[in-house]
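Colleague: Submitted below is the structure of interest, expressed as structure tokens.
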Amino acid sequence: HPIPYHTYRLLTSLKEYGVKIATVSCGSEHTLIVTDDGEVLSCGVGEYGRLGGGSSEDTYVPSPLDSLVSSEVTITQAAAGTNHSMALSQDGHVYSWGRNDAGQLGFADTYIDIYSMEEFPRKIDSEAFDDEKVIQIAACSCRSAAVTEKGTLYVWGRKQNHYPTKVDFEDGYIVKSVEMGRDDSDRHVCFAIVDGPNGEESLLYKFGHFKSNMLGEDENNGPTNNPVPSVISSLNSRNVVSISAGIGHVVAVVKAV
């Protein structure tokens, strides 16, 4: 394996490839890179087909996903989980690949077991997305999520359905973005930034495993695993701008008072 570097370095292979980078998503052992012209490159550990190139071999140099290139799909965002990956196209379609042992790829027609996987990107043909355009995606260990243009949140994967399933909020509440995280024991959490029905400030909702200690409040007296979204009360009076979840920690950005 290559010698690890403890400071930043220029990826000369990307410079030589002649592209500019739009976004980057880092999973546990792989990286997905989206170029400004809508191409996806991947590198890292290839186990379970998480790199999307049709092989389980490791790739140390970012390499394009030829199947998406040949399909002339323009990608705007990518999300790298632990063993799976997703990409969002300009026209609002979601593609996923990699391990599918918990239904994290979102395919209702696949048989789910420890060997289930997809080595190439495959579009999620879900009835949930028939009338809605997806505008944002998120992935963690064995779960995935998507937010639509209408402000609807869908989640799927471990201890959920293995196809996109709507998360219910009160009438008039619009989901703006979603983030997913987990702790070292693989306890999952999900966060959604939600606008109120009458122009209220953006609230931060959370749901998932309280013992992860990532939900922002002391929930020791509540249920261990709560699938129902609830507001993080400590941020209830703050206008939440963005959120990022890692392994065992969460950071929220709010507007200055």
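Colleague: Name the residue, out of Pro227, Pro164, Pro121, whose mean-square fluctuation peaks in a Gaussian network model built on the chain with Cα pairs under 10 Å.
Modeller: Pro227
Colleague: Right, next: Please give the length that would be gained between Asp66 and Asp171 if that part of the chain were fully extended, namely 0.36 nm times their separation in residues minus their C-alpha to C-alpha distance (nm, one decimal).
Modeller: On the way: separation 105, 0.36 × 105 = 37.80 nm, distance 4.24 nm.
Residue separation times 0.36 nm, minus the Cα-Cα distance, leaves 33.6 nm.
Colleague: Also, quick follow-up: Across every pair of different alpha-carbon atoms, what Kirkwood hydrodynamic radius in Å does region 90-202 reach?
Modeller: On the way: mean 1/r = 0.0688 Å⁻¹.
By the Kirkwood definition, the hydrodynamic radius is 14.5 Å.
Colleague: Given a 1.4 Å probe and every protein chain left where it sits, what share in percent of the accessible area of region 86-132 is carbon and sulfur? Don't skip to the end; give the middle numbers.
Modeller: Numbers: 1020 of 2310 Å².
The value for region 86-132 is 44 percent carbon and sulfur by accessible area.
Colleague: Which one, Thr12, Thr165, Thr76, has the greatest fluctuation when you compute a Gaussian network model over the chain with C-alpha springs under 10 angstrom?
Modeller: Ranking Thr12, Thr165, Thr76 by mean-square fluctuation puts Thr12 first.
Colleague: Computing the accessible area with a 1.4 Å probe over protein heavy atoms, can you report the carbon and sulfur percentage for region 142-257?
Modeller: 44 percent
Colleague: Here's another thing I want to ask about it. List the aspartates and glutamates whose Cα sits under 14 Å from the Cα of Lys211, skipping any in the same chain fewer than 8 residues away.
Modeller: Once the sequence-local aspartates and glutamates are set aside, what remains near Lys211 is Asp183, Asp184, Asp186, Glu219.
Colleague: Moving on. So what is the relative contact order for region 90-142, in percent, with contacts set as C-alpha pairs under 8 Å and at least six apart? Write out the running numbers ahead of the final one.
Modeller: On the way: 65 pairs, mean separation 22.2, N = 53.
Rounded, it is 42 percent for region 90-142.
Colleague: OK, next. For the ranges 100-106, 239-245, 204-210, what's the packing order if you count other beta-carbon atoms within 10 Å of each residue, average per peptide, and put the highest first?
Modeller: Details: 100-106: 25.3, 239-245: 16.9, 204-210: 21.7.
For the peptides 100-106, 239-245, 204-210, the packing ranking is 100-106, 204-210, 239-245.
Colleague: Which value, in Å² rounded to 10, gives the accessible area of Glu47 with a 1.4 Å probe and all protein chains present?
Modeller: Roughly 90 Å² of Glu47 is accessible to a 1.4 Å probe.
Colleague: Taking all pairs of different Cα atoms in the chain, averaging 1/r and flipping that mean, what Kirkwood radius in angstroms comes out? Don't jump to the answer; show the numbers that get you there.
Modeller: On the way: mean 1/r = 0.0531 Å⁻¹.
Final number for the Kirkwood radius of the chain is 18.8 Å.
Colleague: If you put +1 on each Lys and Arg Cβ and -1 on each Asp and Glu Cβ, how big is the dipole of the chain around its Cα centre, in Debye rounded to 20? Show your work: numbers first, answer last.
Modeller: Values: 20 positive and 35 negative charges, 134 e Å.
In debye, rounded to 20, the chain gives about 640.
Colleague: Same structure, new question: Given a 1.4 Å probe, how much area per residue of the chain is accessible, in Å²?
Modeller: Details: 13380 Å² over 257 residues.
Accessible area per residue, the chain: 52 Å².
Colleague: Could you work out the helix-only [θ] at 222 nm for the chain, with each DSSP H run of four or more residues adding -39,500 (n - 2.57) and the total divided by the number of residues, to the nearest 500 deg cm²/dmol?
Modeller: Helix contribution divided over all residues of the chain: -1000 deg cm²/dmol.
Colleague: Moving on to the next point. Just list whichever of Lys206/Lys255; Lys133/Lys159; Lys150/Lys176; Lys150/Lys255; Lys133/Lys206; Lys166/Lys206 have alpha carbons separated by over 21 Å in the model shown. Provide the component values of the computation, followed by the final result.
Modeller: Details: Lys206/Lys255 19 Å; Lys133/Lys159 25 Å; Lys150/Lys176 9 Å; Lys150/Lys255 24 Å; Lys133/Lys206 23 Å; Lys166/Lys206 15 Å.
Pairs exceeding 21 Å: Lys133/Lys159; Lys150/Lys255; Lys133/Lys206.
Colleague: Rule-of-thumb check for region 1-52: C-alpha Rg over 2.2 N^0.38 Å? Display every interim value, and only then the final one.
Modeller: Numbers: Rg = 11.9 Å, N = 52, 2.2 N^0.38 = 9.9 Å.
Region 1-52 yields a ratio of 1.20.
Colleague: Still on this model: Using the alpha-carbon centroid of each, what span in Å lies between region 43-87 and region 121-167?
Modeller: 19 Å
Colleague: Further, regarding this structure: Given +1 on the Cβ of Lys and Arg, -1 on the Cβ of Asp and Glu, and no further charges, what dipole in debye does region 117-209 carry about its Cα centre, rounded to the nearest 20? Show your work: numbers first, answer last.
Modeller: Working: 12 positive and 18 negative charges, 68 e Å.
With only Lys, Arg, Asp and Glu charged at Cβ, the dipole is about 320 debye.
Colleague: Mind listing the phi-derived Karplus ³J(HN,Hα) values for region 230-235, rounded to whole Hz, using 6.51, -1.76 and 1.60 with θ = phi - 60°, and x for any glycine or proline?
Modeller: 9, 6, 6, 5, 5, 10
Colleague: So what's region 1-125 giving for Rg/Rh, alpha carbon basis, Kirkwood Rh from the mean inverse pair distance?
Modeller: 0.97
Colleague: Could you compute how fast region 143-257 diffuses translationally, taking Rh as the Kirkwood radius over C-alpha pairs and applying Stokes-Einstein at 25 °C with viscosity 0.890 mPa s? Give it in µm² per second. It would help to have the intermediate numbers written out before the result.
Modeller: Values: Rh = 14.3 Å.
The calculation lands on 171 µm²/s.
Colleague: Which of Asp131, Asp66, Asp186 moves most in a GNM of the chain, Cα contacts under 10 Å?
Modeller: With Cα springs under 10 Å in the chain, the top fluctuation among Asp131, Asp66, Asp186 is at Asp131.
The values are calculated or read from the model by the stated rules, or taken from the named source; none is laboratory data. Values in this document were obtained by computation on a predicted structure and should not be read as measured data. For neighbour counting, all protein chains shown are included, and Cβ atoms are generated from backbone atoms with ideal geometry for every residue, glycine included. Side chains included, ligands, DNA and RNA excluded: accessible areas come from the protein's heavy atoms. Shrake-Rupley method; radii C 1.70, N 1.55, O 1.52, S 1.80 Å.
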